[in-house]
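> Take a look at this one; I'll ask things after.
The values are calculated or read from the model by the stated rules, or taken from the named source; none is laboratory data. Note that the structure is predicted; figures quoted are calculated from it, not measured. Quick reminder, even Gly has a Cβ in these numbers, built from the backbone with ideal geometry, and neighbours come from all protein chains shown. For accessibility, only protein heavy atoms count, side chains too; no ligands or nucleic acids. Shrake-Rupley method; radii C 1.70, N 1.55, O 1.52, S 1.80 Å.
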Number of protein chains: 2
Amino acid sequence: MRIGELARRTGVSTRALRYYEEQNLLTAERSNSGQRHYPETAVARILLVRELFTAGLSSKIIAELTPCVIDGKATPELLDRLAVERGHIDQHIVDLTHTRSRLDSVIASASASMDTGTSCQPGPASTAPAQVSGVTLRGDQEAREGEG
Amino acid sequence: MRIGELARRTGVSTRALRYYEEQNLLTAERSNSGQRHYPETAVARILLVRELFTAGLSSKIIAELTPCVIDGKATPELLDRLAVERGHIDQHIVDLTHTRSRLDSVIASASASMDTGTSCQPGPASTAPAQVSGVTLRGDQEAREGEG
DNA sequence: CTTGCCTTTGACGTCAACGTCAAGTTTTAG
DNA sequence: CTAAAACTTGACGTTGACGTCAAAGGCAAG
């Protein structure tokens, strides 16, 4: 199929598809006039790529990981990479869960305050003043904690 | 305290702190010479802001939500806003969990392939852990569409 | 006073993941 | 055939959360 149909079937713009190709997330055969032609499997591939994007992975990372996912080539470094990314996602989930709890406290207090007419201060709330670790700060730059 | 100390104590750059102020995430008193002076509570406030950023909220959203979290002012619309954002976070967690599972499958397959020396393609019939959500992880580009 | 770090505002740079517009070619419909 | 739709590459625009100068003024020590 050509790029337009692929775009329609995946819900991804043609611009994005060309971008993905530019980032080596996708390959395409070319007709002799230069038009891209994709196999059926491209649909699934794009959905996978989208999913990884949604998970917060960068195109660079995805490009490095997909060889394993797609072509079945796995090196120890790649495995390591996968594990690292899994860890990032894990940490992200933890952070989100934490923030959600905090939001819950806020919502509860606010609701109560609306009922009682008092101010909605939840206090220091669930845990200690969050030492939120800088999770996905670009690069491998990690936040230093209590170091001075 | 002045901006430098606040930056050191929060691990946030002075540029970011000025940016936060610009975005109304933070206020500061000024000395008669124009320098910003912050109370102790600013530290906690910044950590909260950072946490919300990490949760994926934009500065605009945070600016709209913090009045409730910080000052205890809650309107019904604000409560609604909070609920909406909570929902976003929830969905984000779901997505991340989903992707993590998928990554787990990939890692398992890849590890197995490294042990057995075979390519890390999940078999078509086996336990098939790599076929999450009906999308095949084999994205092999060899398949051609019906020509002719 | 001078030295030297700290702070101020202003303004341009960056990076990612595309959007959008332009101008030309190819495919398709009639 | 023509006209429209789809495709091509190229290149500049956008948004968010800052980074990075630059020029100037402030503040405590010697």
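> Using a 1.4 angstrom probe on heavy atoms only, work out the carbon and sulfur share of the accessible area of the stretch B:74-117 in %.
Details: 1170 of 2140 Å².
Ligands and nucleic acids excluded, carbon and sulfur give 55 percent.
> Accessible area per residue, 1.4 Å probe, Å², for the stretch B:74-117: what's the number?
Result: 49 Å² of accessible area for each residue.
> Separate question: Tell me, what is the per residue accessible area of the stretch B:1-41 in Å², probe radius 1.4 Å?
Heavy-atom accessible area per residue stands at 67 Å².
> Follow-up question, since we're still on this one. To the nearest 0.05, what FRET efficiency results for residue B:22 and residue A:59 with a Förster distance of 35 Å applied to their C-beta separation?
Calculated transfer efficiency: 0.70.
> On to the next question. Among B:79-86, A:44-51, how do they line up by average Cβ neighbours within 10 Å per residue, starting with the highest? All intermediate terms of the calculation are to be shown ahead of the outcome.
On the way: B:79-86: 15.9, A:44-51: 21.1.
Ranked from most to least packed, the peptides come out as A:44-51, B:79-86.
> What part of the accessible area of the stretch A:3-57, given as a whole %, is carbon or sulfur when the probe is 1.4 angstrom?
46 percent
> Got a sec? Which residues of the stretch A:23-52 lose 50 Å² or more of accessible surface with every protein chain in place, vs. that chain alone, 1.4 Å probe?
SASA drop of 50 Å² or more in the stretch A:23-52: A:29, A:39, A:41, A:51.
> When the expected Rg is taken as 2.2 N^0.38 Å, what fraction or multiple of it is the alpha-carbon Rg of the stretch B:74-117?
Output field value: 2.04.
> I want to make sure I understand the PRE zone here: with the label point 7 angstrom from the Cα of residue B:2 toward its beta carbon, which residues in the stretch B:19-59 have backbone N atoms less than 16 Å away?
B:29-39
> Determine, from the Cβ-Cβ distance of residue B:29 and residue B:98 and an R0 of 45 Å, the FRET efficiency 1/(1 + (r/R0)^6), rounded to the nearest 0.05.
Efficiency at R0 = 45 Å is approximately 0.45.
> Tell me: how much accessible area in total is hidden between B and A, 1.4 Å probe, Å², nearest 100? The partial results should precede the final answer.
Working: alone 10480 and 10540 Å², together 16360 Å².
For chain B against chain A, roughly 4700 Å² becomes buried.
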